[in-house]
Amino acid sequence: MKGVFEELLKSEQIFKNRDVLRPAYTPEDLPHRKEQIENIATILVAALRGETPSNLLIYGKTGTGKTAVVKYVGKELEEAAERQGTACAVLYLNCEVIDTQYRVLAHLARPFNREIPMTGWPTDQVYTEFKEAIDDRERAVIIILDEVDKLIKKGDEVLYSLSRINSELNNAKVSIIGISNDLKFIEFLDPRVRSSLGEEENVFPPYNADQLKDILEQRAAMGFKEGTLGEGVIPLCAAFAAQEHGDARRALDLMRVSGEIAERHRESRVTETHVREAQDRIEMDRIAEVVRTLPTQSKLILYSTILLDGTVGGNDLTTGEVYNMYRRLCRSIDMTPLTQRRVTDLLSELDMLGIINAKVVSRGRFGRTREISLSVPVESTTSVLMEDYRLNTLTAHQAYQAYPKVGTEHYKPIPPQSRLPTGANAILNQFGKN
């Protein structure tokens, strides 16, 4: 196996610059976002006039260009300020990563040469440090909070402080730009924060297939070598992404992964076959990531659904059946079960994420219920669920005790150390008949 990398390096390359196909790359030209760029620029131009720009909230589905547009306008603003000799700082934070009041303020203070430890100080002291750091001269500070809805899940104190900070400053002027995929997150804010933060709002529409095609052609010219893309690759990538609510990020990922698959197969040209293979791979990765980030209770509810899948004679499951299995599994791992009403809410969230399909049906005089079916592959989803240390403690023996239809008069438990198999039928198959 010596020289394996040398052999790979000798193979013909498809990519000219792979990085331009990643979502983090911000091109110099953003197709089909001129209107949004101009709207944001008309708000932020106040910073160049020595005035305080209005706070701005930007909404839109994933992959509609929100972050790219805001970063682009921020870069243009800093360059314009430098040309005219105006002090202007644009600070970007991803609140999915930096999601506490302390960490937000500490990260905001660092560009102004204030070293704040990541823990240990009172939060009000960190806020004072940041305030004094920016107020040492006349300047405009634009704070971009990407995924701002993730921040308020741990409290909106920092948004309240930042939205009111201008009343405490003598020299600096602060403006906040919040970016979110959730159009309803502002409803959960304190009314005082809502009124000061949402001064201006801008909604980004999703891209259609033709617009995605233009974006992909622009990036393909920069990212791929000439003649390496098949004729139908870009239209197919655009069509797949248009089905996913016009997600440009997904379209770019699809085109990049298609090229990587072609390279892996030692082929010199990307074809529609590679695109379809990339589509399947990305879909599996997306499902795995969504399942991996679920709360433990939601994982346990999903696992209960998986265990019951295939045991009801081809019929969909009911909420009651899933809840009964969920309670038994909770007892097996010493976890306090939620109420059935709360479990119903979590099932609705799983339905919204596309992991299950839950439809409300009428049973006549027996009332209404939800019929539940899985929308994800069982084996791969189970393997992701087993990464959770709480669920990983479930053994086949515990599942045997939890599953209500298994009777000791016909089946004997297998050793407790054995791992739980996929699906309740698989559990039954592991119990040998007496």
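Only the coordinates and a few stated rules stand behind these numbers; no lab work does. These numbers come from a predicted model, not from an experiment. Here Cβ is always computed from backbone atoms with ideal geometry, including for glycine, and neighbour counts include all displayed protein chains.
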The stretch 24-85: GluC sites (Glu not before Pro) in DSSP loop, at most 16 other beta carbons within 10 Å:
28, 51
Sites residue 35 and residue 62, calculated FRET efficiency, Cβ-Cβ separation with R0 25 Å, nearest 0.05:
0.80
Of 320, 50, 74, the most mobile residue in a GNM of the chain (C-alpha springs, cutoff 10 Å) is 320
Working from Cα positions, state the angle (0 to 90°, nearest 10) between the long axis of helix 296-308 and the longest principal axis of the chain.
40
Using the structure shown, list the pairs from 16/213; 299/359; 16/71; 34/173; 34/150; 66/213 with a Cα-Cα distance above 22 Å, or answer none.
16/71; 34/173; 34/150
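Over all pairs of distinct alpha carbons, what does the Kirkwood formula give as the hydrodynamic radius of the chain, in Å?
On the way: mean 1/r = 0.0392 Å⁻¹.
About 25.5 Å for the chain.
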Would you kindly state how much longer the chain becomes between residue 392 and residue 269 on full extension, computed as 0.36 nm times their sequence separation minus their alpha carbon distance, in nm to one decimal?
40.0 nm
Net charge within 9 Å of residue 13 by Cβ-Cβ distance, Lys/Arg positive one each and Asp/Glu negative one each, not counting residue 13 itself?
0
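If you keep only loop residues by DSSP, which trypsin sites (Lys or Arg not before Pro) in the stretch 290-358 have at most 16 other Cβ atoms within 10 Å of their Cβ? If you can, show how the numbers build up before the last one.
Working: sites: 292, 299, 327, 328, 331, 341, 342; in loops: none.
Hits after loop and neighbour filter: nothing returned.
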Using alpha carbons only, how many degrees (0 to 90, rounded to 10) separate the axis of helix 340-352 from the longest principal axis of the chain?
60
What spacing in nm lies between the two simple spin-label points modelled at residue 349 and residue 380, each 7 Å away from Cα in the Cβ direction?
2.4
Place a point 7 Å from the Cα of residue 166 in the direction of its beta carbon; the residues of the stretch 50-74 whose amide N falls under 14 Å from it are 50-57
In sequence order, what are the phi-derived ³J(HN,Hα) couplings for the stretch 382-392 according to the Karplus relation 6.51 cos²θ - 1.76 cosθ + 1.60 with θ = phi - 60°, rounded to whole Hz, with x for glycine and proline?
4, 5, 5, 4, 5, 6, 6, 5, 6, 6, 5
Theoretical FRET efficiency, 1/(1+(r/R0)^6), r = Cβ-Cβ of residue 49 and residue 371, R0 51 Å, to 0.05
0.30
What's the local net charge at residue 116, with K and R +1, D and E -1, over the other residues with C-beta under 10 Å away?
+1
What is the set of long-range amide H partners of residue 224 at a cut-off below 5 Å, with H atoms built 1.01 Å from backbone N?
16, 17
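Test of understanding: what is the full-extension gain from residue 199 to residue 28, defined as 0.36 nm times their sequence separation minus their Cα-Cα distance?
Working: separation 171, 0.36 × 171 = 61.56 nm, distance 2.86 nm.
Separation in residues times 0.36 nm, less the Cα-Cα distance, equals 58.7 nm.
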Counting only other residues whose beta carbon sits under 11 Å from that of residue 384, what net charge do I get with K and R as +1, D and E as -1?
-3
State, in angstrom, two size descriptors of the stretch 77-218 derived from its alpha carbons: Rg to one decimal place and Dmax to the nearest whole number.
16.9, 52
Placed amide H near residue 203: partners under 5 Å, 5+ positions off or other chain:
59
Per the Kirkwood formula on distinct C-alpha pairs, the Rh of the stretch 151-197 is how many angstrom?
11.6
C-alpha long axis of helix 209-223 to longest principal axis of the chain, angle in °:
70
